[in-house]
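Peer 1: The structure's right below; bear with me while I get my questions together.
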Amino acid sequence: QVQLVESGGGLVQAGGSLRLSCAASGRAISNDKLGWFRQAPGKEREFVGRIRRSGSTYYADSVKGRFTISRDNAKNTVFLQMNSLKSEDTAVYYCALGRSGSYAADDRRGYDYWGQGTQVTVSS
């Protein structure tokens, strides 16, 4: 059974940084794509970014240049480094795992497994 567990969320001031981790178990992630999504109160879950098995990344315009996704296949873990945080980044952040395929990076249908989420709160 595949499980994803996010960690590293918390409260940070605007302009600060956080690093989220997503540890996978039950399957090696080396051949999978890993995505990060977020959901703010009263809003739809939205795409943040994705890393392919090749290591190539793709980001939403709202986080481009501030957030960086990386992966450590040996540790079966993916990371989301978030810099220059803004109050609008406040949300529950979810990691997701899926097979590389025909779905676009930001299409939730392309992800088969999801973590439980970790809260990120940015105070202004």
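The values are calculated or read from the model by the stated rules, or taken from the named source; none is laboratory data. Please read these numbers as outputs of a predicted model, since none were measured by experiment. Using ideal geometry, Cβ is built from the backbone for each residue, glycine included, and neighbour counts are taken over all protein chains shown. Remember, those area values only see protein heavy atoms, side chains included, never the ligands or the DNA or RNA. Shrake-Rupley method; radii C 1.70, N 1.55, O 1.52, S 1.80 Å.
Peer 1: Using modelled amide H (1.01 Å from N, peptide plane; none on Pro or chain starts), what sits under 5 Å from the amide H of GLY16, excluding residues fewer than 5 places away?
Peer 2: Under 5 Å from the amide H of GLY16 lie the amide H atoms of LEU85, each far enough along the sequence or on another chain.
Peer 1: Determine the percent antiparallel among the DSSP beta bridges restricted to the chain, to the nearest 5. Intermediate results must be reported in sequence, preceding the final value.
Peer 2: On the way: 38 of 42 bridges.
Expressed as a percentage, antiparallel bridges in the chain total about 90.
Peer 1: What is the packing order of peptides 45-58, 2-15, taking the mean over residues of other C-beta atoms within 10 Å and listing the highest first?
Peer 2: Details: 45-58: 16.6, 2-15: 14.9.
Top of the packing list down: 45-58, 2-15.
Peer 1: Could you pull out every one of the lysines with an alpha carbon less than 21 Å from that of LYS75, ignoring same-chain neighbours closer than 8 positions?
Peer 2: List returned: LYS33.
Peer 1: So with the 1.4 Å probe, I'd like the accessible area per residue for the chain, rounded to whole Å². Let's see the in-between values first.
Peer 2: Numbers: 6370 Å² over 124 residues.
On a per-residue basis, the chain sits at 51 Å².
Peer 1: Computed FRET efficiency, Cβ-Cβ of ARG27 and LYS64, R0 30 Å: what is it to the nearest 0.05?
Peer 2: Details: r = 29 Å, r/R0 = 0.98.
Result of the calculation: an efficiency of 0.55.
Peer 1: So what J values fall out for segment 35-50 if you push phi through Karplus, 6.51 cos²θ - 1.76 cosθ + 1.60 with θ = phi - 60°, rounded to Hz, Gly and Pro as x?
Peer 2: Once rounded to whole Hz, the list reads x, 10, 10, 9, 9, 8, x, x, 10, 6, 5, 10, 6, 10, x, 8.
Peer 1: So, one more: Leaving out same-chain residues fewer than 8 places away, which aspartates and glutamates sit with a Cα under 15 Å from that of LYS64?
Peer 2: Here the aspartates and glutamates satisfying the reach criterion relative to LYS64 are GLU46, GLU88, ASP89, ASP106.
Peer 1: Accessible area of segment 9-124 with a 1.4 Å probe: how many percent of it is carbon plus sulfur?
Peer 2: Details: 2550 of 5860 Å².
The computed percentage sits at 44.
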